[in-house]
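Asker: Mind looking over this structure? Questions follow.
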């Protein structure tokens, strides 16, 4: 049985209980060594076979899985549903008749919000979160350019783009964000060497350059990073819910 497991955003204790238990039982572990904390290997048995997929191709990963028996953990960073490249692996396993399941993990976009001590969705500011990346060596589908998505004015959490901040800044501005729109660069969210750089859309590139950040970072953009918002109706004493009658004014 193959278990795709989300390792969480970085901090070792942010892997889920289920994910940790699967690691403890694993007979074979294939992990994304370039992104997953090596400390997570402390969970595995002494006789567990360990492979670092950072220097492996898809064919090589599948070959290891097909050759192994027992419990196999394929450990991905964050939550494997976001930029995890697991669909192509699952399709190969389907073709080979190999069973698998998926254990979700805490995404780095959740880790970034925690690091920033903020909430992505605020009343009358933004009720939508766009998770995306800028086109680089890997293209994005037509209609999903940063410029096009920025036109919505929603909260944006941008992955895999810290090395292209000049173009990212240009596209965000061209899409409709103002130069003074708050932004933040979160480097290695929840890791021990986590860093946060607060800036604006207009200073995004210079802030990233001055901080020497060009990888392993999420870029968060939107009014949610500002100070203006409305209070939630959920706790408004005049608002009636299924559990509480609103007070009459």
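The values are calculated or read from the model by the stated rules, or taken from the named source; none is laboratory data. Everything quoted here is computed from the prediction, not taken from an experiment. With ideal geometry, Cβ positions are generated from the backbone for all residues, glycine too; neighbour counts draw on all protein chains shown.
Asker: Kindly establish whether residue 39 is surrounded by fewer than 19 Cβ atoms within 10 Å (Cβ to Cβ), in a helix (DSSP H, G or I) and in contact with a helix residue (DSSP H, G or I) (Cβ under 7 Å, 6 or more places away or on another chain).
Answerer: For residue 39, the condition - surrounded by fewer than 19 Cβ atoms within 10 Å (Cβ to Cβ), in a helix (DSSP H, G or I) and in contact with a helix residue (DSSP H, G or I) (Cβ under 7 Å, 6 or more places away or on another chain) - is met.
Asker: Checking residue 2 against (1) within 24 Å of the chain's Cα centre (by Cα); (2) closer than 23 Å to residue 216 by Cβ; (3) surrounded by 12 or more Cβ atoms within 10 Å (Cβ to Cβ), which single condition isn't satisfied?
Answerer: The number of the failed condition is (2).
Asker: Answer yes or no as to whether residue 207 is in the same structural domain as residue 119 (by TED's automatic domain parsing), buried (at least 18 other Cβ atoms within 10 Å of the Cβ) and more than 19 Å from residue 115 (Cβ to Cβ).
Answerer: When the stated conditions are applied, residue 207 does not pass them.
Asker: From 54, 20, which residue is modelled with pLDDT under 95 and either within 19 Å of residue 87 (Cα to Cα) or part of a helix (DSSP H, G or I) (or both)?
Answerer: Exactly one of 54, 20 is modelled with pLDDT under 95 and either within 19 Å of residue 87 (Cα to Cα) or part of a helix (DSSP H, G or I) (or both), namely 54.
Asker: Go through the range 69-81 and count every residue that is surrounded by 17 or more Cβ atoms within 10 Å (Cβ to Cβ) and either modelled with pLDDT under 95 or within 17 Å of the chain's Cα centre (by Cα) (or both).
Answerer: The number of residues fulfilling the criteria is 6.
Asker: Just the residues that are over 27 Å from residue 185 (Cα atoms), in contact (Cβ under 8 Å) with a residue 40 or more places away in the chain and out of contact with any helix residue (DSSP H, G or I) (no Cβ under 6 Å at 6 or more places or on another chain), please, taken from the range 76-130.
Answerer: Selection gives 89, 90, 93, 98, 99, 101, 102.
Asker: Still on this model: Tally time: how many residues in the range 211-239 are out of contact with any strand residue (DSSP E or B) (no Cβ under 8 Å at 6 or more places or on another chain) and either assigned by TED's automatic domain parsing to the domain that holds residue 13 or over 18 Å from residue 170 (Cβ atoms) (or both)? Please lay out each step first, then the result.
Answerer: Of the residues in the range 211-239, the ones out of contact with any strand residue (DSSP E or B) (no Cβ under 8 Å at 6 or more places or on another chain) are 212, 214-215, 227-228, 231-239.
Narrowing the set further to residues that are either assigned by TED's automatic domain parsing to the domain that holds residue 13 or over 18 Å from residue 170 (Cβ atoms) (or both) leaves 212, 215, 227-228, 231-239.
Residues flagged as out of contact with any strand residue (DSSP E or B) (no Cβ under 8 Å at 6 or more places or on another chain) and either assigned by TED's automatic domain parsing to the domain that holds residue 13 or over 18 Å from residue 170 (Cβ atoms) (or both) within the range 211-239 amount to 13.
Asker: Please pick out the residue among 186, 157, 140, 197 that is without any contact (Cβ under 8 Å) to a residue 24 or more places away in the chain and in contact with a helix residue (DSSP H, G or I) (Cβ under 6 Å, 6 or more places away or on another chain).
Answerer: Result: 197 is the single residue among 186, 157, 140, 197 that is without any contact (Cβ under 8 Å) to a residue 24 or more places away in the chain and in contact with a helix residue (DSSP H, G or I) (Cβ under 6 Å, 6 or more places away or on another chain).
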